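The numbers here are math on the coordinates, done by the rules we state, and not lab data. Small disclaimer: the values here were computed from a predicted structure and weren't measured. No Cβ is skipped: glycine too gets one built from the backbone with ideal geometry, and neighbour counts run over all protein chains shown.
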Amino acid sequence: MFKQFMQNNLLAILLLSLLSFSTYASASAIQKLKPMPELTPPSADRFPGDPPTHKAVFMWNKSSPEYQHAILNSMQALVTLYGDDIEIAVVAIGPGIHVLAKHPKRKVVPLTYERVESFAKDYNVRWIACGNTMKTLHWDDKDMRPFAEYAKVGAAALMVLQENGFELLVW
C-alpha cells in the first residue's frame, strides 16, 4: 500500500513539474513576441480636430458588472492607445440599458455608473439607448441621463454605425 501511495505521489509530482515548466515556457515565449505593426499610435502629422482614423462601436447588452467592466476597460485601453484618434459609440440594449437611466431598475455598480458618464463627458463616447428596450420599461427621454442618445431600434443603430465605418466589438 505504501508503495502504491509513493508511485501515485511521484506521478503527481512529475505531472506538476511538467505543467510548471510548460507554463513557464509559455510565459517566456509570450514575452518574446514582436508587437503587432498595425497597432501604432496616431501619426505625428495628425492635427487636433482631424477626423479620427479609428471608429469602434460596442454592443452593451448585459447587466453583469464583470461584463460591463471588461468593456469599460477595453474602451479605456483604446483611448489610451489612440487618444483623440478614435471615435467610440456604445449601443445599450436589453439589460445593459440601465447604466443610461437616471433611476435604473436593475442594480448598477456605482463605479460603472460614474465611468459611463466620464467616458461620455471626457472622451466624447456616444451612449445610445435602444428605444425598444426603453418602450418595454415604459421609459422616455426624461428617464434617461442627459448625455444619452436614443435610437428607435438598438440593432438598427448597430447596423447603421457599422455602415458608417464603425467596427463592431462584442463580448
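At a glance:
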read-out	value
J(HN,Hα) series, region 47-60, from Karplus relation 6.51 cos²θ - 1.76 cosθ + 1.60, nearest Hz, glycine and proline x	9, x, x, 5, x, x, 6, 10, 9, 9, 10, 9, 8, 10
Gyration tensor (alpha-carbon) shape descriptor, region 54-169, a/c threshold 1.5	oblate
Residues whose placed amide H lies under 5 Å from that of Leu169, excluding near-sequence neighbours	Val57, Phe58, Met59
FRET efficiency for Leu137 and Asp45, using Cβ-Cβ distance with R0 set to 45 Å, rounded to 0.05	0.45
Among Ala101, Val160, Val91 the positive-end extreme of the charge dipole of region 54-169 (Cβ point charges)	Ala101
Residue-wise HN-Hα coupling along region 155-171, computed from phi with Karplus coefficients 6.51, -1.76, 1.60 (Hz; x: Gly, Pro)	4, 5, 4, 4, 5, 5, 4, 5, 5, 9, x, 7, 8, 7, 10, 10, 10
Those trypsin sites (Lys or Arg not before Pro) in region 107-171 that DSSP places in a loop and that have at most 10 other beta carbons within 10 Å	Lys107
Listed pairs Lys55/Lys105; Lys121/Lys142; Lys55/Lys102 exceeding 22 Å between Cα atoms	Lys55/Lys105; Lys55/Lys102
Nearest-0.05 FRET efficiency for Glu114 and Glu167, computed from C-beta distance (R0 35 Å)	0.85
Amide proton proximity set for Ala101, modelled H, under 5 Å, gap of 5+	Arg145
